[in-house]
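Step one of this worksheet: look at the structure below.
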Amino acid sequence: MELITDVSRGAWLLARAGTFGTVGGTAGTGFEASARILHPVSADREDRSTVDERDDHPVLESGRWRWSDVASRTGGIVHPLVQWRSLTGRTDESDLVFEDGWRVHPPEEGWFEPILLAALTEHLAASTSTPDDLVAAIWSGWSELSGGSTLAVGWQGADQATAEEIEAMRRYALEIQAQHDDAQAAIRAALAVEFFPWPHRECFLLSMTLPQLADPTWPDRARIGTVVDLAHTPQMLWPEDHSWVLASEIDWDSTIVAGSRAMVDAVLADDRFEAFPVDEDSDLTWGGDPVNG
């Protein structure tokens, strides 16, 4: 995946940026229709009659749940503007624990599961004339992409370190610190490009294709150039013909797809997604749930 240095390729969308915290502020305005896809959650059923050597309950089975599965237990209502905290009664990012042994983890934020993305490419491909020419926007604030991470080295042992061990640790720390500094400098150099100035979320741009994303294992091989590993799905994605936009805001546990009415209707009818119709003014902030709030 190559960096796109011409950020004017996003000028058309920047001109259509809506209000921050709304669908239009995340995916742009002016599309015929939009859908919100809820990110599924992972759940584990634990054996709470015992603990393992780490004082954790052994996991008996795991699964992927929809928000509607959670709502059936909490009594909440899943609707287009539903918010996880309102649905679960949580005020933080803690797990939801049920008496029958199930522990449900909060949905991922800013990450659109590659399996779902691969399924969605079927609808996206049918709605663009440029499936091999996509622009992906990746938030520049991800820590591992900043080239500014720090390194800590410590001593762990049953006894106090000897003078010789301390000296060996000092030499080792200097060596790996130099390697770390070189790696961070390489990242900064590789990503030293003009950012796409999406409001509140500056991004760098990458070239992608729908055939790439149709393979859900693509993140295992994703690299920016030859230096930087990419461990994120795009915050924004659009084809060169500007027919649709896919957007995963970094602080949201859902993904927006905006485009033609026909494409959005097809997504809403696809039972592989827990999706709902929204409009460009829909408030998807934590306080935007008028039903469960």
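Restricting attention to the stretch 218-239, the residues that are farther than 30 Å from Ala185 by Cα and exposed (fewer than 15 other Cβ atoms within 10 Å of the Cβ) total 0.
Output yes when any residue across the stretch 145-163 is on the phi < 0 side of the Ramachandran plot, open to solvent by 80 Å² or more (accessible area, probe 1.4 Å), part of a helix (DSSP H, G or I) and at pLDDT 80 or above, and no when none is. No - not one qualifying residue is present in the stretch 145-163. For Leu206, indicate whether it is modelled with pLDDT under 80, surrounded by 15 or more Cβ atoms within 10 Å (Cβ to Cβ) and touching a Leu at 6+ places or on another chain (Cβ under 7 Å). It is false that Leu206 is modelled with pLDDT under 80, surrounded by 15 or more Cβ atoms within 10 Å (Cβ to Cβ) and touching a Leu at 6+ places or on another chain (Cβ under 7 Å).
Looking only at residues in the stretch 112-144 that are open to solvent by 70 Å² or more (accessible area, probe 1.4 Å) and within 25 Å of Gly28 (Cα to Cα), the one that is farthest from the chain's Cα centre (by Cα) is Ser129. The requirement of being among the hydroxyl-bearing types (Ser, Thr, Tyr), open to solvent by 20 Å² or more (accessible area, probe 1.4 Å) and in contact with an Asp or Glu (Cβ under 8 Å, 6 or more places away or on another chain) is satisfied by Ser68.
Counting just the residues of the stretch 1-58 that are polar (S, T, N, Q) and within 22 Å of Ser243 (Cβ to Cβ), which one comes out surrounded by the most Cβ atoms within 10 Å (Cβ to Cβ)?
Selected residue: Thr26.
Given the condition modelled with pLDDT of 95 or more and either in contact with an Asp or Glu (Cβ under 6 Å, 6 or more places away or on another chain) or farther than 19 Å from Met236 by Cβ (or both), answer yes or no: does some residue in the stretch 182-200 qualify? Checking the stretch 182-200: not a single residue is modelled with pLDDT of 95 or more and either in contact with an Asp or Glu (Cβ under 6 Å, 6 or more places away or on another chain) or farther than 19 Å from Met236 by Cβ (or both).
The values are calculated or read from the model by the stated rules, or taken from the named source; none is laboratory data. Since the model is a prediction, treat every value here as computed from it, not as a measurement. Glycine also receives a Cβ, built like all others from the backbone with ideal geometry; neighbour counts cover every protein chain displayed. Just so you know, the surface numbers come from the protein's heavy atoms only, side chains and all, with ligands and any DNA or RNA stripped out. Shrake-Rupley method; radii C 1.70, N 1.55, O 1.52, S 1.80 Å.
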